[in-house]
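K.L.:
There's a structure below that I have some questions on.
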Amino acid sequence: MIRRNFLVSLLFALGWISLSYLLGAAAMFFDLPSSSFLRRAFIGGVAWWEQKGASSPQGEQLSRPRMGQTDKAGKRCDGFTLCMYGGNSRAVLINMRGDVVHQWHVPFSQLWPAPPHVRGRVQDVSVYFNDGHVYPNGDLLAVMEGPIHLHNPSTGYGLVKLDKDSRVLWTYAEKCHHDVEVGEDGTIYALVQEVVEHVPPALTYIPTPCMVDYVDVISPEGQRKKRIPLLEAFLQSPYAALFGKLERSGVSNQTAAPSTRTSFYTDDARRRDVLHTNAIKVLSRTLASKFPLFKAGQLLISLRHLDAIALLDPDSGKVVWAACGPWQAQHDPSFLDNGHLLLFDNLGSQRSSRVLEYDPQTQAFAWFYPGERGTPFLSSIRGQCQRLPNGNTLIVNSDAGEVFETTPDREVVWSCSFAPMELYRARRYTAEQLPFLNGEKYARP
């Protein structure tokens, strides 16, 4: 009798949960009055969906970097690699042997005991450095990300500048996320997310509330000088038609195929993170002459949910160039000294992720990896690529927790693994770029 009552209670509870889910989903699908509240709860699922399968940040017990089987002297571009992985807001510099030669660490609670920009209790171990810039004197500028939930639908947890001994120089309490860039004059460019209740009239097909992106222009001292709204930057440009990717399918709810109706919820969540801007780079005066279509000081950005890269003019606040290509869900575009762009193509190939070298004038691809000779790899989220001074390319396979270096002939000449942890970022610096090490640590001891 007791067992029977237990089963009846269990079935009743499951039935009630299922009915509540279906009613909630129906409210969102048909835009019923209660849908606004429910959509707020679903916004948090956007970032989760983009990071599904990623390893959870861990704190003090970081995996020691492990050198791969490939390490070819004379073919590598020796230097120090800035690596960000695990939790508890930590970054390390490793040499070519995988030894940690320097590190930075600061708990989130030390930076913001009562954070004005993040709601709820924050565990230090759950916050991590997602990207950073090392200055010649050893200062570190780091983007902080953390968990998402109902009250914090963005992974953005702020921006911090530390000295070489991890002492806090300043903090920037905004929802900074993904990437940060430092210009030649020290100006800082950061990506910031905010949840908004309304979008411009031309974008009424975008469900609200939703997350939108801004570019914050910040002084070297950590003070905001300007904020550029990216939705308006596109709408005021000839590239506004790219928003067509976010329009809901014209198929009616009654006639849509079951697979179409099922995919609505994922599609709706993606459209609530309207652009998912994941990278920003500034065109230097040195390289500007290589790009006749662009001007020095303009910003190259990557918009994952539009499968597009674009150039933003910070003075006018408008997008002045944009392109879609065979890439999908791309990351980390950068300017090359031959007038091309390098980018990490996460999902543009059925076989694997790719690194593409793209000519914005001819729209040709001068180089790509893996091709037929390289080793296939797949990173559905994140990922990075960097052209090194000797012509090699550093590639970050975030999903697998590995970074490797390949020659123009697609020969892997160096690799390092952080598995089973996800590798958020890895960026190579030459010894000359980091004089703060004072010759005490060598790239290749």
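The values are calculated or read from the model by the stated rules, or taken from the named source; none is laboratory data. What you are looking at is a predicted structure, and each value in this text was computed from that prediction instead of being measured. Cβ coordinates were reconstructed from backbone atoms using ideal geometry, including for glycine residues, and neighbour counts include every protein chain displayed.
K.L.:
Any chance region 90-101 includes a residue that's crowded, with 17+ Cβ neighbours inside 10 Å, small (Gly, Ala, Ser) and modelled with pLDDT of 95 or more? Before you say what the answer is, go through the steps one by one.
P.N.:
We begin by selecting, within region 90-101, every residue crowded, with 17+ Cβ neighbours inside 10 Å; these are 90-96, 98, 101.
Those still in the list that are small (Gly, Ala, Ser) too: 91, 98.
Now drop any that are not modelled with pLDDT of 95 or more, which leaves 91.
Looking for residues that are crowded, with 17+ Cβ neighbours inside 10 Å, small (Gly, Ala, Ser) and modelled with pLDDT of 95 or more, one finds at least one in region 90-101, hence yes.
K.L.:
Please specify each residue of region 274-310 satisfying the condition of being among the hydroxyl-bearing types (Ser, Thr, Tyr) and surrounded by fewer than 22 Cβ atoms within 10 Å (Cβ to Cβ). Step through it out loud before you land on a result.
P.N.:
First pass over region 274-310, keeping only residues among the hydroxyl-bearing types (Ser, Thr, Tyr): 277, 284, 286, 289, 302.
Hits for region 274-310 are Ser284, Thr286, Ser289.
Matching residues to (1) farther than 22 Å from Tyr135 by Cα; (2) touching a Ser or Thr at 6+ places or on another chain (Cβ under 8 Å); (3) modelled with pLDDT under 95:
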| site | (1), (2), (3) |
| --- | --- |
| Gln361 | yes, no, no |
| Phe365 | yes, no, no |
| Gly371 | yes, no, yes |
| Ala419 | yes, yes, yes |
| Lys441 | no, no, yes |
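K.L.:
On the basis of being touching a residue at least 40 places away in the same chain (Cβ under 8 Å), in contact with a Gly (Cβ under 7 Å, 6 or more places away or on another chain) and among the β-branched types (Val, Ile, Thr), does Val118 make the cut?
P.N.:
Considered against the rule, which asks whether it is touching a residue at least 40 places away in the same chain (Cβ under 8 Å), in contact with a Gly (Cβ under 7 Å, 6 or more places away or on another chain) and among the β-branched types (Val, Ile, Thr), Val118 comes out as no.
K.L.:
Same structure, new question: Of all residues in region 325-354, how many are within 12 Å of Arg387 (Cα to Cα), out of contact with any Asp or Glu (no Cβ under 9 Å at 6 or more places or on another chain) and of a type in the set (D, E, K, R)?
P.N.:
1
K.L.:
A further question follows. Examine region 197-210 for a residue that is under 19 Å from Pro116 (Cβ atoms) and either surrounded by 15 or more Cβ atoms within 10 Å (Cβ to Cβ) or not hydrophobic (A, V, I, L, M, F, W, C) (or both), and state whether such a residue exists.
P.N.:
Checking region 197-210: not a single residue is under 19 Å from Pro116 (Cβ atoms) and either surrounded by 15 or more Cβ atoms within 10 Å (Cβ to Cβ) or not hydrophobic (A, V, I, L, M, F, W, C) (or both).
K.L.:
Quick one: count up the residues across region 389-404 that are under 21 Å from the mean Cα position of the chain (by Cα) and either at positive phi or not in a strand (DSSP E or B) (or both).
P.N.:
4
K.L.:
When you check Tyr172 against the structure, is it in contact (Cβ under 8 Å) with a residue 40 or more places away in the chain and not small (Gly, Ala, Ser), yes or no?
P.N.:
It is true that Tyr172 is in contact (Cβ under 8 Å) with a residue 40 or more places away in the chain and not small (Gly, Ala, Ser).
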